[in-house]
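To keep things clear, I will list the structure first and then write my remarks on it.
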Amino acid sequence: MIIAYEPQCRGIEHAEINAAFLILLEKAKPGESIVFYGDSEHLTSVRMAIDSLGHSNCSSRLECRPIQVPNPKTFIILRLLSELTRLIAIVFANTKRTKNNTYILLSSTSATLLAAKVIQHFISKPIFIILHGILESITCRPQSLLKRFAWFRNYLPISRRSKIRYLTTASFIKRNLLFEIPSLDGHVFHLDFPYIFRDDQHSVNRIKSFNSYNGSQPVTITSAGVGSLKKGTGDFFKLADTVSQQYGKSVLFIYAGRLADEELNARIPECVNALVDAKMLSQIKYNEVLQHTDYLVFFYPPNSYKFGVSGVLLDAIKYEIPVIAISNEFFEYCVDTIGKIGWLCVSTKEIQDTIKRIIKDPPLQELHEIGLNYKHFKQQYTPEAQALRLAEILNYES
């Protein structure tokens with residue numbers, strides 16, 4: 001039996017990413033039942049995402065168990081006690097049903113990792129912990145003693161005999177993590193692009209739409225996901241205002257997601273169609289926006305995403321949307337793997353110049369190349385191929 005535990009995500013947050021991983025699990029371990037613990041709304045969102053991806057057989061095998069997700073602002077000691085109590089209860093409850101279960105944590109916090117280190121002594125198989133964006137913090141030592149105590153990096157080192165196994169979502173993340181903490185060698189694995197990319201009615205024939213471009217329809221440029229000052233959402237709003245003043249109805253700017261910094265709400269210009277939700281847009285609304293998007297733009301700083309992947313960029317691949325972005329290690333990794341996916345820039349000014357150029361003269365040949373690259377990539381990274389790789393990881397020393 002496989003026990004999957006999501007300790008922090010709520011609602012639709014990472015719903016498609018967790019749905020994809022559960023689908024791959026179901027294919028990697030055929031015949032084994034999957035028990036999934038998480039926030040009740042998140043469980044519903046994940047099950048809906050699995051069904052929408054066309055894998056209802058996985059959904060039917062999924063046994064969902066709702067839990068109360070701790071408040072992320074809870075002091076680490078209290079959160080540790082909460083996580084430890086819950087994980088011990090999960091282990092003993094499922095050990096009564098069947099022994100030799102496989103435990104997988106779909107994300108982690110400092111408290112979750114500490115709790116996992118305790119419960120590893122009560123199980124026979126390794127515990128796999130998927131590392132996401134929290135790894136971005138390991139190169140930034142907190143200033144305050146309290147935050148330093150809760151710093152995730154403190155708890156990553158493990159002994160050679162530990163049953164903890166870390167799973168990253170790209171080979172470059174594994175490389176960067178081992179550069180920072182070489183002692184983890186042998187305990188870190190990677191699964192590139194653990195996502196479900198499929199060709200279906202949602203993949204828009206963008207080449208056809210641009211071939212019929214005559215200026216009557218605006219070029220739609222979207223920024224999506226969780227917006228913040230750090231992610232450059234304010235820069236997107238400024239750019240949209242500047243470009244719209246020059247090109248008017250020839251371009252439509254959309255922001256779709258949740259604004260983490262409240263002050264950004266006051267900065268949204270009239271030219272931006274802002275679909276903002278205090279929690280997060282519904283998956284249906286979010287998908288609808290992407291289906292009608294011509295280009296996705298990203299203003300992430302160049303030093304971001306050294307230890308994580310952008311879920312929105314994975315959505316760009318899924319919907320075959322060209323991207324315009326400030327270059328960073330993750331985007332460069334995608335280009336190395338897929339080929340041309342859009343335009344990587346060195347500054348906001350270059351992004352602005354690129355947008356102006358494509359408004360005036362749609363780059364049909366480049367769009368055709370991007371579309372072919374996306375399709376070829378999807379043919380390689382099928383759920384079946386990914387599941388085989390995941391099975392190898394799960395069976396390693398287990």
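Worth pointing out:
- Dipole magnitude for the stretch 206-380: about 240 debye, using +1 per Lys or Arg Cβ and -1 per Asp or Glu Cβ, origin at the Cα centre.
- Spin-label model, residue 118/residue 266: points 7 Å from Cα along the beta carbon direction are separated by 4.4 nm.
- Dipole of the chain [Lys/Arg +1, Asp/Glu -1 at C-beta], most positive-end residue of 236, 286, 304: 304
- Between residue 148 and residue 250, the modelled labels are 5.6 nm apart [label points 7 Å from Cα along Cα→Cβ].
- Of the trypsin sites (Lys or Arg not before Pro) in the stretch 38-79, those whose Cβ has at most 13 other Cβ within 10 Å and which sit in DSSP loop: 73
- Here the chain is scanned for GluC sites (Glu not before Pro) in DSSP loops (not H, G, I, E, B) that have at most 13 other Cβ atoms within 10 Å, and the longest stretch holding none of them is 1-269.
- Computed over the chain: relative contact order in percent, which uses C-alpha pairs under 8 Å that are six or more apart: 15 percent
- In a DSSP loop and with at most 13 other Cβ atoms within 10 Å, the trypsin sites (Lys or Arg not before Pro) in the stretch 223-300 are 230, 279.
- Acute angle (nearest 10 degrees) that the helix 171-180 long axis makes with the longest principal axis of the chain, alpha-carbon atoms: 60 degrees
- FRET efficiency, residue 40 to residue 372 (Cβ-Cβ, R0 51 Å, nearest 0.05): 0.75
- About the centre of its Cα atoms, the chain shows a dipole size close to 1280 debye [charges on the beta carbon of Lys, Arg (+1) and Asp, Glu (-1) only; nearest 20 debye].
- Efficiency of FRET between residue 125 and residue 60 - r from beta-carbon atoms, R0 35 angstrom, step 0.05: 0.90
- Once both labels are positioned 7 Å from their Cα atoms along Cα-to-Cβ, the gap between residue 92 and residue 226 label points is 3.4 nm.
- The region of the chain that goes longest without hitting one of the chymotrypsin sites (Phe, Trp or Tyr not before Pro) in a DSSP loop, each with at most 14 other Cβ atoms within 10 Å, is 214-395.
- In order along the stretch 32-47, the phi-based Karplus estimate (6.51 cos²θ - 1.76 cosθ + 1.60, θ = phi - 60°) of 3J(HN,Hα) comes to 9, 6, 10, 9, 10, 9, x, 4, 4, 5, 5, 4, 5, 5, 5, 4 Hz; Gly and Pro are listed as x.
- Degrees between helix 348-360 axis and first principal axis of the chain (Cα, 0 to 90, nearest 10): 50 degrees
- Selection of trypsin sites (Lys or Arg not before Pro), the stretch 87-120, meeting DSSP coil and at most 11 other Cβ within 10 Å: 99
- Residue-span extension gain [residue 273 to residue 287] - 0.36 nm each, minus C-alpha spacing: 3.5 nm
- Principal-axis tilt of helix 383-395 within the chain, Cα atoms, nearest 10 degrees: 30 degrees
- Length added when fully stretched, residue 384-residue 241, from 0.36 nm per residue minus Cα-Cα: 47.0 nm
- On full extension, the segment bounded by residue 71 and residue 139 gains 22.0 nm, given 0.36 nm per residue less the C-alpha separation.
Taken together, the values in this text are just the output of simple stated rules run on the coordinates, not laboratory data. Just so we're clear, the structure is a prediction, and the values are computed from it rather than from any experiment. Positions of Cβ are backbone-derived with ideal geometry, glycine not excepted, and every protein chain shown enters the neighbour counts.
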